[in-house]
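All of the numbers you see were taken from the coordinates with simple rules; none came from a lab. Note that this is a predicted model, so its numbers are computed, not measured. With ideal geometry, Cβ positions are generated from the backbone for all residues, glycine too; neighbour counts draw on all protein chains shown.
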Amino acid sequence: MNIHPSLLPSFPGLESQRQALEYGVKFAGCTVHFVDEENLDAGPIVLQATVRVLDDDTEATLSARILAEETPNLLRSGAHRAGGPIQIEGRRVIRAGYAATEEPPR
């Protein structure tokens, strides 16, 4: 598993916050995903967290808010793996133990 500071598949690679600000998105965030052999930022997505992009954001301020979400979400994704089986169907990661309409357990 890996964590990337954008809502993949948007803004892969380096300087994700700069890319998000230049594009004018209203939400950014981070993505916990499996690593794909061909492309580091292209594996199936385990979970994502969003942060609002503020009008006065800079790369530094946006990066700080995203960073605050990264560790808790990486830990949550690890808890999902330890808490029960997962399946990967195509690009979808299916976690046992909760319905698709529910939030993953914290």
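Go through region 1-91 and name the chymotrypsin sites (Phe, Trp or Tyr not before Pro) that are in a DSSP coil and have 11 or fewer other Cβ atoms within 10 Å of their Cβ. Present the calculation step by step, with values, prior to reporting the outcome.
On the way: sites: Tyr23, Phe27, Phe34; in loops: Phe34.
Qualifying residues, ordered by number: none.
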>> I'd like the GluC sites (Glu not before Pro) in region 1-79 restricted to DSSP loop residues with at most 15 other Cβ atoms within 10 Å, sorted by number.
In response: Glu15, Glu37, Glu38
>> Per q in 0.16, 0.20 Å⁻¹, report the Debye log10 I(q)/I(0) for region 1-42, using one uniform scatterer on each alpha carbon and no solvent.
In response: -0.37, -0.55
> Along region 24-35, what does the Karplus equation 6.51 cos²θ - 1.76 cosθ + 1.60 (θ = phi - 60°) give for ³J(HN,Hα), rounded to whole Hz, x for Gly and Pro?
Replying inline: x, 5, 9, 9, 10, x, 9, 10, 9, 8, 7, 7
